Amino acid sequence: MEIIPIKCSVPYNVYLGENLISNLNLFIDKNYSCALIITDDNVDKIYSENCIQSLNHLFPIYKYVFPHGESSKNINEYIKITNFMAEKSMDRKSLIIALGGGVTGDLSGFVSSTYMRGIDFIQIPTSLLAMVDSSVGGKTAVDTPFGKNMLGTFYQPKAVICDINTLSTLPNEYINDGLGEIVKYCILSGGELFRKLSKPFNCNNKEIISDCIKIKSEIVSSDEFEEGTRQLLNLGHTFGHCIELLSDFKLSHGKAVAKGIYLIADISYKNKLCSEEVFREIKNLLNFHGFNLQIPYTYQEIFDIIKHDKKKNGEFINLVIPENIGKCKIIKISFNELHQMMIQE
Ligand code: ADP
Ligand code: ZN
């Protein structure tokens, strides 16, 4: 097992290894009054029982199961969960265990950060995307009709327990989704990770998952509240979010991010912010890992959505530019400049 420290205001560890779910008692403080496992119906069927078995000699364990999918990441589900917790008399000494993918982690984190002004929680990510990206760093959220992640907090878990055996049951389409974020880390860091991704990705490759977590750890530890460098993690996301939205969320996050990375590389190259070679390397990497890079929307449609992006800062927007493999930078540009960059053909 590998231990990766996250040096935030409240430090914690990511534990990465095999068969960890059956041994949760080794990672969890024994002094909680009780614990609530929050999970979706798919993950529940496969992993809840093991989780409960490994903890129920320590304190009472409750379980809340919600229907899988992004559509559960909303305020109604949030209210149902917090009501359930109140009915069970959960208190400030209780623990929440988020068992599942990114949806479970975001929703459970938001519950944890607000229930009785905040109680401890542990992330047990079971999807590739959650392992390499969303479970680390303390972003929590629910969606509202006005947008994805409209309500949320920065709230760090007590620990993140990545049991890579869980990836053996994750459907392939979700593996590809996580791979979109892995490609992002690969372009941010370059070097060894770039070399490792010159071969097809395989979930048994713990090293690649570990590399991504370490890159995230470094970035999050230096800028927990996204005031500067943490924005690098938005590589491909400005355009990715627009593409997700334009597809009415039929296109999943990781695949939209892959298209977003391609688009920013293309625009950067056309505006001489990166070389043709860098653009080609990024395009080849995405193609090699099987991403469909077609963008069935016009640049004007994408630009119109960006203007409403929540990250906009007055008349300006921060964009992450892939100057080179392993060297990205954040630039602040006006919407007019962005428009010119995008329509220049
Ligand atoms: P994300 O891609 O952000 O992690 P979800 O939390 O919705 O998104 O997870 C993606 C889908 O995969 C969900 O339907 C979830 O139930 C399912 N899932 C998550 N982890 C596993 C797993 N280890 N085995 C099987 N299905 C899983
Ligand atoms: Zn993402």
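The values are calculated or read from the model by the stated rules, or taken from the named source; none is laboratory data. Remember, it's a predicted structure, so these values are computed and weren't measured experimentally. Cβ atoms come from the backbone with ideal geometry, glycine included; neighbour counts cover every protein chain shown.
Among all residues of the stretch 94-101, there is at least one that is within 16 Å of ligand 2 (Cβ to nearest atom), in contact with a helix residue (DSSP H, G or I) (Cβ under 7 Å, 6 or more places away or on another chain) and under 26 Å from Y15 (Cα atoms). Residues in the stretch 280-296 that are surrounded by 17 or more Cβ atoms within 10 Å (Cβ to Cβ) and either modelled with pLDDT under 95 or in a loop (DSSP other than H, G, I, E, B) (or both): H289, F291, I295.
Considering the stretch 248-285, and only residues there that are closer than 20 Å to I305 by Cβ and touching a Pro at 6+ places or on another chain (Cβ under 8 Å), the residue that is nearest to ligand 1 (Cβ to nearest atom) turns out to be I261. If the condition is being over 25 Å from S222 (Cβ atoms) and either buried (at least 24 other Cβ atoms within 10 Å of the Cβ) or within 10 Å of ligand 1 (Cβ to nearest atom) (or both), then the stretch 115-153 contributes I124, T126, S127. In this structure, I28 does not qualify as crowded, with 17+ Cβ neighbours inside 10 Å, within 19 Å of the chain's Cα centre (by Cα) and farther than 18 Å from C212 by Cβ.
How many of the residues making up the stretch 50-67 are away from ligand 1 (no atom under 14 Å from the Cβ), over 24 Å from the mean Cα position of the chain (by Cα) and either part of a helix (DSSP H, G or I) or buried (at least 16 other Cβ atoms within 10 Å of the Cβ) (or both)? Qualifying residue count for the region: 8.
For the stretch 164-198, a residue qualifies if it is more than 16 Å from ligand 1 (Cβ to nearest atom) and in contact (Cβ under 8 Å) with a residue 60 or more places away in the chain, and the qualifying residues are C186, I187, L188, S189, G190, G191, F194, L197, S198.
From the set of residues in the stretch 224-279 that are hydroxyl-bearing (S, T, Y) and farther than 21 Å from G137 by Cα, which is surrounded by the fewest Cβ atoms within 10 Å (Cβ to Cβ)? For the stretch 224-279, the residue satisfying everything is S275.
A quick yes/no check of all residues on (1) part of a helix (DSSP H, G or I); (2) more than 16 Å from ligand 2 (Cβ to nearest atom); (3) closer than 27 Å to L167 by Cα:
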{"site": "F194", "(1), (2), (3)": "yes, yes, yes"}
{"site": "S198", "(1), (2), (3)": "no, yes, yes"}
{"site": "F201", "(1), (2), (3)": "no, yes, yes"}
{"site": "N204", "(1), (2), (3)": "no, yes, yes"}
{"site": "C212", "(1), (2), (3)": "yes, no, yes"}
{"site": "L233", "(1), (2), (3)": "yes, no, yes"}
{"site": "A256", "(1), (2), (3)": "yes, no, yes"}
{"site": "D266", "(1), (2), (3)": "yes, yes, no"}
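Among the listed residues D40, D44, identify the single one that is modelled with pLDDT of 95 or more, touching a His at 6+ places or on another chain (Cβ under 8 Å) and not small (G, A, S). Answer to the check: D40. A search for C-beta distances below 8 Å between a residue of the stretch 126-147 that is more than 17 Å from E181 (Cα to Cα) and any residue that is within 10 Å of ligand 1 (Cβ to nearest atom) and of a type in the set (D, E, K, R), counting only pairs 6+ apart in sequence or on different chains, returns T140/D106; A141/K73; A141/D106; V142/K73; V142/D106; D143/E70; D143/K73.
The sole residue among V136, V183, V132 that is assigned to a helix (DSSP H, G or I), in contact with a strand residue (DSSP E or B) (Cβ under 9 Å, 6 or more places away or on another chain) and within 13 Å of ligand 2 (Cβ to nearest atom) is V132.
Taken together, S112, S94, S89 contain a single residue that is of a type in the set (S, T, Y) and surrounded by 24 or more Cβ atoms within 10 Å (Cβ to Cβ), which is S112. Of all the criteria given as (1) at pLDDT 95 or above; (2) more than 14 Å from ligand 2 (Cβ to nearest atom), the one not satisfied by G147 is (1).
Being closer than 19 Å to I52 by Cβ, in contact (Cβ under 8 Å) with a residue 24 or more places away in the chain and away from ligand 1 (no atom under 12 Å from the Cβ) is the requirement here; does M85 meet it? Yes: the conditions hold for M85. Residues considered: G109, G105. Of these, the only one that is in contact with a strand residue (DSSP E or B) (Cβ under 9 Å, 6 or more places away or on another chain), of a type outside the set (S, T, N, Q), within 16 Å of V43 (Cα to Cα) and within 16 Å of ligand 1 (Cβ to nearest atom) is G105.
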